[in-house]
Amino acid sequence: MDRCIVLVDAGYLLGAAASLLAGEPSRSRITVDHAALIQGLRERAESDTRQPLLRIYWFDGAPDRVPQPEHRRLRVMPRVTVRLGALTRSDGRWAQKGVDAAMHAELTELARNRACSDIVLVTGDGDLLPGMMAAKEHGVAVHLWAVQAADGDYNQSEDLVAEADERRVLDRAWIVKAVRAKDISGVCAPPPVARPEIAAILSAPLPESALPAAGGRAAQPAAHPAHPASAAANGAAERTPVARAVPTPKDVAALRAPGTAAPPAPPASATLRWSSDKGWVDRPVTEPPEAASMPTLAQLTTAEQRWADREEDITTVGGDPYEVGQVFARRWVERLGDQSHLQKLSGMYPRIPHRIDGELLRYAARFGLLAHKDDQIDERDRYAIRAGFWREIDVRTGTERAAAAE
């Protein structure tokens with residue numbers, strides 16, 4: 001039939017784009033406007049082949065073949081079909097499994113069934129050479145597209161290039177219409193503020209009770225603020241063993257160094273959180289009644305809203321942890337009937353009530369956040385999610401105060 005089909009190896013396309021724009025092939029270094037990218041592929045394919053587009057096949061890897069946010073957005077776009085292979089980690093590097101085989105099978109099947117007159121391949125992998133040759137034997141014209149290489153050389157198999165009927169290079173000017181390099185000088189969430197009281201704790205001499213016995217080992221390993229802002233948002237100080245003894249909050253409370261001001265005495269029911277913005281913070285065993293009475297987002301959401309939320313998650317929410325926290329907070333605030341809950345919640349900063357916090361993290365998990373990365377739970381994601389939540393709450397409470405003042 002007189003129509004064209006595009007087969008995209010997403011690992012090659014986005015990896016090569018990252019190399020070109022950011023200097024390394026890590027896809028985490030770029031931001032992709034998938035709608036613009038798909039539209040650009042369609043327009044270029046129809047222009048080059050002079051045939052209408054039948055479909056774009058997007059081949060990519062995903063952990064356990066579970067669609068990630070970008071895959072969920074892509075597969076609801078018109079004329080786009082997503083095919084997922086496995087994404088596995090070996091020797092500290094991520095590798096796709098099954099993507100090349102799926103592309104080969106689709107390529108040969110489309111050609112055998114005469115589903116199109118032209119096939120556009122966006123790949124650099126020489127493993128597709130047999131499939132390309134088979135397609136040509138069935139009378140299909142094969143167009144091979146490359147992404148401009150960062151060093152000006154080829155980033156495709158030479159055999160693949162030699163066998164293609166037509167070849168085109170997607171240059172930087174075309175790529176930047178849909179892809180841009182991330183600014184890594186900043187972070188996705190506001191960076192932790194310097195904590196003078198934490199620095200004082202870490203630099204303070206140990207009280208005698210905390211010093212190791214002569215010839216013995218150091219006393220109990222003490223708290224180490226590896227993720228100060230994350231601990232503040234989570235409401236729990238993170239403790240890891242350290243090589244030297246570090247004074248604990250109780251040690252510092254007992255410390256009376258000559259010539260220095262004594263630390264303020266804590267309330268009887270309080271503990272010092274390493275990263276708290278409030279210093280000594282009351283940490284009761286149970287949450288206050290106003291926290292327990294706050295409704296969850298699920299309780300505030302109707303069936304119609306739940307459907308609309310799902311569509312928004314698929315089509316517009318990008319999966320950035322900071323953005324995810326903002327989206328959750330926006331929905332919660334907009335559906336609150338009793339706005340007094342908003343003021344109560346704002347006064348609990350930085351601690352999010354357990355019921356709402358658990359729901360927030362479960363929502364974030366839908367986007368592949370909080371997963372094990374490099375064999376560790378990503379605490380930075382947790383901080384960014386909660387930071388986005390509090391940012392939205394701050395905006396909403398500020399708006400309310402301004403409205404009340406008027």
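FYI, it's all coordinate maths here, none of it is from the lab. Since we're looking at a predicted model, the values are computed, not measured. Glycine gets a Cβ as well: all are built from the backbone with ideal geometry, and neighbour counts include every protein chain shown.
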> Can you sort ASP125, ASP394, ASP338 by how many other beta carbons sit within 10 Å, fewest first?
Replying inline: ASP338, ASP394, ASP125
>> Which residues among segment 333-357 fall inside the zone where the amide N is under 20 Å from a point 7 Å beyond the Cα of ARG306, along Cα→Cβ?
In response: 333-337, 355-357
>> I'd like the FRET efficiency for ASN113 and MET133, computed as 1/(1 + (r/R0)^6) with the beta carbon distance as r and R0 of 25 Å, rounded to 0.05.
In response: 0.90
> Along segment 309-317, what does the Karplus equation 6.51 cos²θ - 1.76 cosθ + 1.60 (θ = phi - 60°) give for ³J(HN,Hα), rounded to whole Hz, x for Gly and Pro?
Replying inline: 4, 4, 5, 5, 4, 6, 9, 10, 7
>> Can you compute 3J(HN,Hα) from phi for each residue in segment 22-32, using the Karplus curve 6.51 cos²θ - 1.76 cosθ + 1.60 with θ = phi - 60°, rounded to whole Hz and x for Gly and Pro?
In response: 10, x, 8, x, 6, 5, 5, 8, 10, 10, 10
> Amide H of VAL147: which non-local residues (sequence gap of 5 or more, or other chain) have their own amide H closer than 5 Å, using H built in the peptide plane?
Replying inline: LEU170
>> Could you give each residue of segment 47-53 its phi-based ³J(HN,Hα) in whole Hz, using Karplus coefficients 6.51, -1.76, 1.60 with θ = phi - 60°, and x for Gly or Pro?
In response: 6, 6, 8, 6, 10, x, 7
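Arrange the following residues from fewest to most other Cβ atoms within 10 Å of their Cβ: VAL324, VAL76.
Fewest-to-most Cβ neighbours within 10 Å comes out as VAL76, VAL324.
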>> If R₀ is 35 angstrom, what is the calculated FRET efficiency for the pair TRP94 and GLU334, using the beta carbon separation as r and rounding to 0.05?
In response: 0.40
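Let me make sure I get this right: for segment 4-44, a, b and c are the square roots of the gyration tensor eigenvalues over alpha carbons, sorted descending. Under 1.5 in a/c it's rounded, otherwise prolate if a/b > b/c, else oblate. Which is it?
prolate
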> Rounded if a/c is under 1.5, else prolate if a/b beats b/c, else oblate: with a ≥ b ≥ c from the C-alpha gyration tensor eigenvalues square-rooted, which is segment 289-405?
Replying inline: prolate
>> Taking the number of other C-beta atoms within 10 Å as the exposure measure, put LYS97, LYS136 in order starting with the fewest.
In response: LYS97, LYS136
>> Principal axis extents for segment 4-181, Cα atoms only, whole Å, descending order, please.
In response: 41, 34, 32
